[in-house]
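Read through the structure below, which is laid out as structure tokens, and then see the notes.
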Amino acid sequence: MTRLARRARVELERGWRATRIAWTATCVWLREKLPQWWDRALGRDPDARDYSAIHLRNAEQIFRTATTLRGLLLKVCQVVGTRSDVFPPEYVRTLARAQDRVPPRPFAVIRELVERELAKPLDAVFASFDPEPLASASLAQVHRARLVDGREVAVKVQYPDIEHIVRTDLASLRRICIVYERFDPQPLALLPLLDELQKHLALELDFRREVENAERVRALFRKNPDVVVPEIDFAHSTARVITMELVAGIKANDRAGLVAAGIELDEVVQGLTSLWNQMIMGLGFFHADPHPGNVLIQPGPRFVILDFGLAKQLPKGFGLGLFELMFSMMTENEAAMVRAFQELGFRTRTGDPEEMTDELFESIRKDPIVSVPSDFVLVARVFALLSGIAHTLGGRPNTLDSLGGRN
């Protein structure tokens, strides 16, 4: 295939993806809005309507689009699928399937990539390699294998065209955010968050960085027997393939599985909150993607942490600033809350702190936040994911107690 033909194919695929994403976004938005407009026109209360069928139809369309296109859309589904405390149950149940049950890439594609990365035939490295993946997600899929020396391992393989897919999806979502903010503005500007997401995804695509992150977290918790980080096989890991120790466990949001194993749900909720509070507010380095597919629970409970593609070193003083923000929110001290937001790096459109002191959230609507610190975006995502897991398990962590977790 000539360079011109390849370029034409790429542009065609990009246009098809963008059109499919835009069509899905339009359908979802109109299904939610049209009934509201109709009810208001007839003088009825839109909140009295049963939206469950609409939510289910929307969720199914989003999931079909995400699993067809893969890439960034699956990341979005993973987050929504954990937020049972925010999104309707129809969205949560449907999109939770994006955690690790998306359609995998063909084994021939995976085999070719692994052999190219390791510069050896597959059977020269592995005594066995299961063609069916243990999990398949937005950026990669994981296969069970056994090395020629007999060790049982999990092999994480990055999809060969994922960088192109992510770039295309980010451009499409950017256009959608611009239109959405024009017709249905929100208190928090969406485009700055999308900018941060773009930076973070670039980090996730380098598996060498993920290996470094895993080793760093293992070192931080080396004295804590309740934290398990799989050992990395450095000899068979590259920028696009990671070979690691195979570790068993129960998904953190598998309520039935945890109960059947005799694991106390409250201890799981409290333990997860304590563990991430230690990383964020104590150690200053944290795993930033604790969705249920990345956190397994063993009896004890012990916490198995997987997938370190998204991890972050926090600046000095960030943990204290975040603690002050949390404490001000618990005590409903608006002035302290605004001060903490400023210290953490938030900036509004006018830059006037006085605009945020009276009726905090109403003032944010009038003067939307346009500068959201990168570190806060990741931390907020972590707490959102943990909150979703806690809600699914029916627990609520004691925030103050969790700040004194053990290491």
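The values are calculated or read from the model by the stated rules, or taken from the named source; none is laboratory data. Note that this is a predicted model, so its numbers are computed, not measured. Cβ: placed from backbone, ideal geometry, glycine included. Neighbour counts: every protein chain shown. Side chains included, ligands, DNA and RNA excluded: accessible areas come from the protein's heavy atoms. Shrake-Rupley method; radii C 1.70, N 1.55, O 1.52, S 1.80 Å.
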**OP:** Would you rank 156, 120, 33 by solvent-accessible area, highest first, keeping every protein chain in place and using a 1.4 Å probe?
**Re:** 120, 33, 156
Subject >> Most to least accessible of 280, 250 (protein chains only, probe 1.4 Å) >> reply: 250, 280
Original post:
Rounded, prolate or oblate: which fits the stretch 236-282 when a ≥ b ≥ c are the square roots of the eigenvalues of the alpha-carbon gyration tensor, with rounded for a/c under 1.5 and prolate only if a/b beats b/c?
Top reply: oblate
Subject >> Karplus-derived HN-Hα couplings along the stretch 107-116 (A = 6.51, B = -1.76, C = 1.60, θ = phi - 60°), whole Hz, x at Gly and Pro >> reply: 4, 4, 5, 5, 4, 4, 5, 4, 5, 5
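Name the shape class, rounded, prolate or oblate, that the alpha-carbon gyration tensor gives for the stretch 90-146, where a ≥ b ≥ c are the square roots of its eigenvalues, rounded holds for a/c under 1.5, and otherwise prolate holds if a/b is larger than b/c and oblate otherwise.
Details: a/c = 3.72, a/b = 2.60, b/c = 1.43.
Prolate shape, in that a/c is at least 1.5 and a/b is the bigger ratio.
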**OP:** Order these peptides, 293-303, 40-50, 208-218, 327-337, by their mean beta-carbon neighbour count within 10 angstrom, highest first.
**Re:** 293-303, 208-218, 327-337, 40-50
**OP:** First check a/c for the stretch 261-312, with a ≥ b ≥ c the square roots of the eigenvalues of its C-alpha gyration tensor; if it is under 1.5, answer rounded, and if not, answer prolate when a/b is larger than b/c or oblate otherwise.
**Re:** oblate
Original post:
If amide H atoms are built 1.01 Å from N in the plane of the peptide, which residues on other chains or at least 5 residues away come under 5 Å of the amide H of residue 251?
Top reply: 297
Subject >> Selection of trypsin sites (Lys or Arg not before Pro), the stretch 237-283, meeting DSSP coil and at most 15 other Cβ within 10 Å >> reply: none
**OP:** For residue 246, tell me the accessible area in Å² from a 1.4 Å probe, rounded to the nearest 10.
**Re:** 50
Subject >> Built amide H within the under 5 Å cut-off of residue 228, gap 5+ >> reply: 303, 304, 305
